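FYI, it's all coordinate maths here, none of it is from the lab. Computed from a predicted model, the values in this text were never measured in an experiment. Here the Cβ is made from the backbone with ideal geometry for all residues, glycine too, and neighbour counts use every protein chain on show.
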Amino acid sequence: MKILLDTCTFLWIAADSAQLSNTARTAFLDPGNVRYLSTAAAWEIAIKYALGRLPLPQKPEIFVPKIRDQSGIESFAIDEESALHSSKLPPLHNDPFDRIIVAQAVVHGMTILTPDDAIAQYAARVLW
């Protein structure tokens with residue numbers, strides 16, 4: 001299975017947080033699954049850090065790739081098809097970062113690892 005991590009899921013994995021569900025943890029650790037982090041999530045982390053709304057142990061340009069590498073997570077760039085597909089999504093979620101993550105999952109046949117009920121309303125596979 002191709003797993004696309006929501007931003008909060010990535011941060012909870014980095015912190016080994018109890019907020020990560022058992023189902024999500026099991027799917028993430030399954031060696032048969034390929035794990036991805038959208039560049040949209042990295043962008044969201046960078047913006048929230050710059051605004052002082054997200055404390056991190058290191059600057060995001062160090063923290064994000066370090067955690068990705070340590071956790072076996074691949075970077076997933078925003079492609080044109082996904083960007084354009086986001087305009088086809090119903091207005092269920094106002095967060096542009098989440099909307100592009102949903103579009104990427106739909107276009108590329110991925111499962112989103114997220115606790116976000118709004119994301120779960122889209123026609124995308126979600127696991128939590």
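Structure summary
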item: Proximal aspartates and glutamates relative to Lys88, as straight alpha-carbon distance under 16 Å, when same-chain residues fewer than 8 apart are discounted; result: Asp79, Glu80, Asp98
item: Relative contact order, percent, the chain [alpha-carbon distance under 8 Å, six or more residues apart]; result: 32 percent
item: Principal axis dimensions, largest first and in whole angstrom, of segment 15-59 by Cα; result: 36, 23, 15
item: Convex hull (Cα only) mean projected area of segment 9-128, reported in nm² to one decimal; result: 7.4 nm²
item: Candidate aspartates and glutamates - alpha carbon under 16 Å from Lys66, same-chain residues fewer than 8 apart omitted; result: Asp16, Glu74
item: Dipole magnitude of the chain about its Cα centre (Cβ charges: Lys, Arg +1; Asp, Glu -1), debye to nearest 20; result: 160 debye
item: P(r) of segment 59-128 over all Cα-Cα pairs, binned every 10 Å from zero, in whole percent; result: 19, 45, 31, 5
item: Of Asn33, Ile47, Ala18, farthest towards positive along the dipole that unit charges on Lys, Arg, Asp, Glu beta carbons give the chain; result: Ala18
item: Extreme residue, positive dipole direction of the chain, given options Leu92, Ile119, Leu5 (C-beta unit charges); result: Leu5
